[in-house]
1. Here are 317, 296, 266: which of them is buried (at least 23 other Cβ atoms within 10 Å of the Cβ) and more than 30 Å from residue 149 (Cβ to Cβ)?
2. Could you go through the range 323-341 and let me know if any residue there is modelled with pLDDT of 95 or more, under 16 Å from residue 147 (Cβ atoms), surrounded by fewer than 21 Cβ atoms within 10 Å (Cβ to Cβ) and in contact with a strand residue (DSSP E or B) (Cβ under 6 Å, 6 or more places away or on another chain).
3. Regarding residue 211, is this residue out of contact with any strand residue (DSSP E or B) (no Cβ under 8 Å at 6 or more places or on another chain), at pLDDT 95 or above, within 14 Å of ligand 2 (Cβ to nearest atom) and at negative phi?
4. Scan 502, 412 and give me the residue that is in a helix (DSSP H, G or I) and either in contact (Cβ under 8 Å) with a residue 24 or more places away in the chain or within 29 Å of residue 54 (Cα to Cα) (or both).
5. Could you figure out which of (1) within 22 Å of residue 392 (Cβ to Cβ); (2) within 14 Å of ligand 1 (Cβ to nearest atom); (3) modelled with pLDDT under 95 isn't true of residue 268?
6. Residue by residue through the range 199-210, note down the ones that are more than 16 Å from the chain's Cα centre (by Cα) and part of a loop (DSSP other than H, G, I, E, B).
7. On the basis of being more than 15 Å from ligand 2 (Cβ to nearest atom), under 16 Å from residue 210 (Cβ atoms) and in contact (Cβ under 8 Å) with a residue 60 or more places away in the chain, does residue 295 make the cut?
8. Can you find, within the range 278-293, the residue that is nearest to ligand 1 (Cβ to nearest atom) among those that are within 26 Å of residue 419 (Cα to Cα) and surrounded by fewer than 22 Cβ atoms within 10 Å (Cβ to Cβ)?
Ligand SMILES: Cc1cc2nc3c(=O)[nH]c(=O)nc-3n(C[C@H](O)[C@H](O)[C@H](O)COP(=O)(O)O)c2cc1C
Ligand SMILES: [Mn+2]
């Protein structure tokens, strides 16, 4: 079972030997981040899952609860999702494949044949098996209500992750010409594990995305949503109407909530439904106090406010999950109208950086859980892996059962059209017998089976906003390598040699006689 509140989740982790409490007084500026980084590189108490045999798969250390943080009386929880076991625990599953199996069940009763029909059906599929959210009259997230001037973000133990975060003098600015016009500077402190709740003003659809929030002042922050994400899309809708956008940042809640906020659901598919599905019961919602939105009743802390379409802030730089600082750029300003919280709340956060970090395990959960949905869109795919070094968007290994010429290329183009997978910069397609979870096996076949000129496919298109190598922000090129065995219609192909393999009879003979050889 997933747990109902962050407090319960932490208690559960503690009982299971997965939590370390830190009583020493620590600074929220860099110190917590450095401790969490070091901890995340230690072996995880409960080891790793079968599928991920990489060294990273065993890491994660323990979740941390800092009880004595300078400048705030609220404890900080970090690294709570930083291992396979803890992600499984949060999602209430024994292993990710079992959860993928539940998603597979949703996908099964599926009849439509065209891609478009399938895309249209996705929302239904999610709804089908899930539990809708329930409105309730009161929730622990509103045990304490601080409105107006009483609301003060600086009282929260918001951490600074990396030394140059928020530092505009570091040369890390995207729009150098505009940088001169900056009148208001942010701090280096960011809310990093919040669920950003917004509503589509046309349809009323609710969205939750995990977007970082940079602290500017007691009631002011900057919202860093990528232009391709739903929060940004909602914002553009309010902006074109000339309206302020109500927004709430929810911290904590059911242990499935932070993961659900990161899940790459198609626009219009509500994260709340997916969270209900993961949670095994609908997420309880309460009305916000100062804006027209509902938020999870079981959250620890909720920050209410609105985004002003006419006000931009120079957000960043920020040490990102790519292993580089993402450059400072203009993002909308968020004005806080209230902070509500439970009595004695816990403040959850995370840091990102060079992998493996806590988000590696959240990303791997997505890789597994979304496999059935990806297969539904692109039935050629048997399995896939997003290798650690590719930090999710940069690289995908795809396994297909090849049946006709150029099938690998069809798969590449389908991926480049599939939701957030479309940002994949390097795609390597391999045959059925290759283990996509073994990097060496994939690279072996890439290097051996490709004639670079004949077997690569380069396209232009939208790329991840965080890609610093693309010539333009969010726009660049992507490459696919067909590392499968080539068929005659795939360009000039000579006789393809067989891969080495000892015959079964001899293998069995040696197996039987192994002791006899006297090793
Ligand atoms: C720890 C973490 C931090 C993230 N930070 C951001 C961010 O600052 N901005 C952003 O647009 N996406 C960020 N993401 C990715 C989004 O949460 C993710 O793509 C999600 O699916 C977006 O939801 P949406 O499609 O509803 O917008 C982050 C993900 C994780 C795991
Ligand atoms: Mn969404």
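1. Matching residue, one of 317, 296, 266: 317.
2. yes
3. no
4. When all the criteria are applied, what remains is 412.
5. Status for residue 268: all satisfied but (1).
6. Of everything in the range 199-210, those that are more than 16 Å from the chain's Cα centre (by Cα) and part of a loop (DSSP other than H, G, I, E, B) turn out to be 200, 201, 202, 203, 204, 205.
7. Spelling it out, residue 295 is indeed more than 15 Å from ligand 2 (Cβ to nearest atom), under 16 Å from residue 210 (Cβ atoms) and in contact (Cβ under 8 Å) with a residue 60 or more places away in the chain.
8. Among those residues, the one meeting the criterion is 282.
The values are calculated or read from the model by the stated rules, or taken from the named source; none is laboratory data. Note that the structure is a prediction, hence the values are computed from the model and not measured. Note: ideal-geometry Cβ built from the backbone for every residue, glycine included; neighbour counts use all protein chains shown.
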